[in-house]
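The structure that follows is given in the form of structure tokens.
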Amino acid sequence: MSSKSHLPYAARAANHPNPLTKKLFSIAEEKKTNVTVSADVTTSAELVDLADRLGPYIAVLKTHIDILSDLTPETLSSLSALAQKHNFLIFEDRKFIDIGNTVQKQYHGGALRISEWAHIINCAILPGEGIVEALAQTASASDFPNPQERGLLILAEMTSKGSLATGEYTARSVEYARRYRGFVMGFVSTRALTSVGPEPATVEHDSEDFVVFTTGVNLSSKGDKLGQQYQTPESAVGRGADFIIAGRGIYKAEDPVEAVKAYREAGWRAYLDRIGGDA
């Protein structure tokens, strides 16, 4: 596990060199939540409603903006306003996976204009180091909006059964994260990854503090018919997750607000257990 995992979010925020990660840890500490809601709904009305109702209890709202059947500029402006109102970050789960020139256009242009409203994006490294370099380069461009509030997660592992994101792929994910630490916040993974892969001599192990998001967290289900494998908030945080990602367990619940409160309580309790702290 990361040498920083035992520290409170506030301590990690105070000393973190990445501005967006610093802000994320500060949000978690202030709101006492490490929950990311994966709002995989298909209409703008549903998404905006969930963002408003669940916003007070979450640190991050994760979107799949391209599954909306009625996306408009008003949808995006409403999300941004709610993120500010309720103090959460927006994570567009676009999973960029193409050559550098293409992902630059997908991120900073096109119909979705992701760079304008999403604080966090992610990518898979199957194309090689160039995809991380291209996205980092885009974020450093002179016309890029709010570069201090934009960051990248590398999809280093997945929770689906039979995932090929293992071994050398995961080790390379860590290697690339270290090379682009100014833009890379950390990983989407099933565990802390600091000890994975070769450690370059130019990086002091104790100075690393990559944030870990873990998907597939569910309080009641063990999986689905399409290969998703769930784990509990306790097991996810125990393995190194800083932020737990829950989807259907919250937005499909009879009462999503009560559900998100339960996830917040379980996730926060697991975090306190890890750091040896009190509520």
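Quick note: the coordinates plus some simple rules give every number you see, no bench work behind them. Everything numeric here is computed off the predicted structure, so don't read it as measured data. Reconstructed Cβ throughout: ideal geometry from the backbone, glycine too, with neighbour counts over all protein chains shown.
Looking at 65, 39, 27, which one has the Cα that reaches farthest to the positive end of the dipole of the stretch 1-65 (charges on Cβ: Lys, Arg +1; Asp, Glu -1)?
Among 65, 39, 27, the one farthest towards the positive end of the dipole of the stretch 1-65 is 27.
Considering only DSSP beta bridges with both partners in the chain, what is the antiparallel share in %, to the nearest 5?
Close to 5 percent.
Output the direction-averaged projected area (hull surface divided by four) of the convex hull of the alpha-carbon atoms of the stretch 20-61, in nm².
3.0 nm²
Starting with the highest mean, order 142-154, 238-250, 116-128 by the number of other Cβ atoms within 10 Å, averaged over the residues of each peptide.
Packing order, densest peptide first, comes out as 238-250, 116-128, 142-154.
If one puts a single equal scatterer on every Cα of the stretch 1-117 and applies the Debye formula without solvent, what log₁₀ I(q)/I(0) results at q = 0.12, 0.15 Å⁻¹?
-0.50, -0.75
Now for a separate question. Using the Kirkwood radius over C-alpha pairs as Rh, can you work out the diffusion coefficient of the stretch 1-43 via Stokes-Einstein at 4 °C, viscosity 1.567 mPa s, in µm² per second?
D, rounded to a whole number, is 111 µm²/s.
Restricting to DSSP H runs of at least four residues, report the calculated mean residue ellipticity at 222 nm for the chain, -39500 (n - 2.57) per run over all residues, nearest 500 deg cm²/dmol.
-11500 deg cm²/dmol
Distance between Cα centroids, the stretch 63-89 to the stretch 21-60: provide it in whole Å.
Between the Cα centres of the stretch 63-89 and the stretch 21-60 lies a distance of 11 Å.
Moving to a separate point now. How big is Rg to Rh over the stretch 104-152, alpha-carbon atoms, Rh as the Kirkwood inverse-mean-distance radius?
Answer for the stretch 104-152: 0.93.
Taking N as the number of residues in the stretch 9-275, what is its Cα Rg relative to 2.2 N^0.38 Å?
It is 0.94.
In straight Cα distance, which lysines are under 30 Å from residue 31, not counting same-chain residues fewer than 8 positions off?
4, 22, 23, 62, 85, 95, 222, 252, 261
For residue 119, what is the net charge nearby, where nearby means another residue's Cβ is under 9 Å from its Cβ and Lys, Arg count +1, Asp, Glu -1?
After counting each charged neighbour, the total is 0.
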